[in-house]
Each structure stands twice: as C-alpha cells, then as structure tokens.
Amino acid sequence: MLRSIRYVLTVAELKNFTRAAEVLHVSQPALSQQIRQLENDLGGALFDRSGRAISLTEFGRVYIEHAREALAHLDAGKRALHEVRDLTRGLLRLAYTPTFAEYLIGPALRGFREAHPAIALEVSERPLEDIEGGLERDELDLGIGFTDVRSDEIEVRPLFAEHMALLVASRHPLARRRTAVTAQQLEAMPLALLSPDFVVRRFADAYFRAHQLSPRVMVQANSVSTVLRLVKDGTLATLLPSAVLREHRGLVALPVTPALPQRTVALLTRRRASTTLAVNAFSAVLLDLIAREGLGET
C-alpha cells in the first residue's frame, strides 16, 4: 500500500505515467498495474486517462489530499524512529526507593544527562510496592529497588550489596568509638528512624526482632533527609545504608555486633516487556557509576 501511495503521488505531480516511471525507477507497465490495483481496492478511478494529459478525477483529488497527509505522518514516524535509535529523542520513566536519593540517583542522573541530553526523564521516588505496580501497569520503564520483589511479573537484575549502618553525627558522644556497639547498647540508644512503610525500616525491625531488642525510637519520619538532619544535630542515631556517607558530611558509621543486615540493590523491569534504548543507556551509565565508585564494597 505504501508503495502504491508513492506511485500515485508521483503521477499526480508529474501528470505523466512515463516520466513518473522514470523517476520511480520502475517500468511503466508495473507502475500502471500498481495504480490499477489500488483503484480496484478503493473502488474508483484516481486518474482521468481520456485526454492527452493525465489529470486527477474528483475521487482522486479527495484521495490525494489524505494520501499526502498520511505519507507525511509516516515519514515523520520514520524520522522519529531514527531519532530514538540514535538517542536524540525519547523518554525514560524511572522510579526508585527513597534512600537512593541520598547517594545514587543524583550522580546517576547527572551522568545520564551528560551522555544523553536529548532524552526526556520522568523520575519519581516511590515505595518498592508502588514501583512494582507501576512496572506491571506499564507506567514505568525502569525501577531501582531490591531483589526481594513480590511480583512474578518483575524481572530482577542484581547490582550490588547495600550495607546497613549505624550512623551518628561526628560530634556524637560515641563518634570516636573504635569497639563495636553491642545489640544491647544499640537498644539503649535514642534513634531517629524512617517510618515502617520504608524497606530500610523493615530491615531494621527484622534485626530488632531477631535479637529480641526493644529500640528507643524517639522520632520516626517519612523523609530520609529529615532523619539525616535530626541525626546531624548530634544526639540521635539512625540505621541507614552506609553509602549515605558518600554524599553527607558530618556523619560517621559505628561498627555493630551482631552485624547489621545487608540487602541487594537491583534494577527492575517488567518481564517480557521490550527493552527501550533509553533503558539500556541508563543501565549502562548506572553500572559504570557503580564500578567507578566501588558501591557495595565493604
């Protein structure tokens, strides 16, 4: 059909089958046959062949008007595909769990924008369950979360181990401590923790249950930055990924025994979904960042 449309437009422009065939690099009989077949399919003649010059019928003029518009749209679509292929156009819909905003997302987005400035970004901070739902509903292209997803529809690509740490301000009374904080000492420390709907808080609560601890949670907040501000004031401690120290000065990590848990960070995509070039490009930037920064190393 597309070839026939181009044939018709060329004949309509040149008003001559012979010259149109030369321009199109086809034989005149082949050109005539293609247009006859299209006219049969449409149910009417496109050209008036009765005179010495070829002219459009009224039927043909109506068809040509829409054919030109359709061909322009098709050509625009082809150019758009080339732009997406060359990463000079496109959209990446990315979501991540909140703690990554404190050390991973900023550098990753800066690196991606520097490498691919023409790709538009839709970025959101969500709980892990919301990321899973967004991927399943095709509202997201890529998620950064953890391997412990609940849905079988999510493809998981492990990235690195994220280590939990006991963080205090550098002027906290225990900041210079060299021996490990025991579970019992941790139980007595006033804490500022994220609210229970955060994955990191669930890991902390699992640690407390495993060691039969009743922690002194003096503040709980639904914002990582709020928790960090409170800890930097000097009297409270918190449990967050040790990698937070990369982006936040004025904090130190204290050793704890028994050791705090770790979790595996992962890239999340919808299973059986076609992977876009933008997703592949962001994944490459992220993997390069992880390797350069030594994330996950103890």
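Read the figures in this text as sums done on the coordinates, not as results from a lab. Since we're looking at a predicted model, the values are computed, not measured. Note: ideal-geometry Cβ built from the backbone for every residue, glycine included; neighbour counts use all protein chains shown.
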Completion exercise
the chain, Gaussian network, Cα under 10 Å: of Ala161, Ala210, Ala188, the residue fluctuating most is Ala210
Fill in the blank from the handout: Dividing the mean separation of Cα pairs under 8 Å (6+ apart) by the residue count of the chain yields a relative contact order in percent of 21 percent
Completion exercise
Shape call for the chain, from the Cα gyration tensor axes a ≥ b ≥ c (a/c under 1.5 means rounded, otherwise prolate when a/b beats b/c, else oblate), comes out prolate
Practice task
Take every DSSP beta bridge with both residues inside the stretch 163-262 and express the antiparallel ones as a percent of the total, to the nearest 5.
Solution key: 55 percent
Completion exercise
Residues meeting the amide H criterion for Ala266 (H placed from the backbone, H to H distance under 5 Å, 5 or more places apart or on another chain) are Gly145, Phe146, Thr147, Leu159
Exercise for the section: In a Gaussian network model over the chain where Cα atoms closer than 10 Å are linked, find which of His66, His116, His211 has the largest mean-square fluctuation. Expected result: His66
Fill in the blank from the handout: Taking Cα atoms, the helix 199-210 axis meets the longest principal axis of the chain at an angle in degrees (rounded to 10) of 40 degrees
Problem - Point-to-point label distance, Thr182-Val219, nm (Cα→Cβ direction, 7 Å offset) - result: 2.9 nm
Fill in the blank from the handout: Quick note, the stretch 126-221: a/c under 1.5 would make it rounded; otherwise a/b > b/c is prolate and the rest oblate (a ≥ b ≥ c, C-alpha gyration tensor); here it is prolate
Exercise for the section: For the chain, set up a Gaussian network in which alpha carbons nearer than 10 Å are linked by springs, and say which option among Val11, Val149, Val279 fluctuates the most. Expected result: Val11
Completion exercise
Length gained, Leu109-His248, 0.36 nm per residue minus C-alpha separation, equals 48.2 nm
Practice task
Go through the stretch 31-39 residue by residue and turn each phi into a ³J(HN,Hα) via Karplus (6.51, -1.76, 1.60, θ = phi - 60°); whole Hz please, and just put x for glycine and proline.
Solution key: 5, 4, 5, 4, 6, 4, 5, 5, 4
Problem - Label-reachable residues, the stretch 105-143, where backbone N falls under 13 Å from a point 7 Å from Ala284's Cα toward its Cβ - result: 112, 115-117
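Order of Thr57, Thr99, Thr257, Thr10 from fewest to most other C-beta atoms within 10 Å? Intermediate results must be reported in sequence, preceding the final value.
Details: Thr57 15, Thr99 22, Thr257 12, Thr10 18.
Least to most surrounded, the residues fall as Thr257, Thr57, Thr10, Thr99.
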Problem - Efficiency of FRET between Glu136 and Ser170 - r from beta-carbon atoms, R0 45 angstrom, step 0.05 - result: 0.55
Completion exercise
Other residues with Cβ under 12 Å from the Cβ of Glu139 give, with Lys and Arg +1 and Asp and Glu -1, a net charge of -2
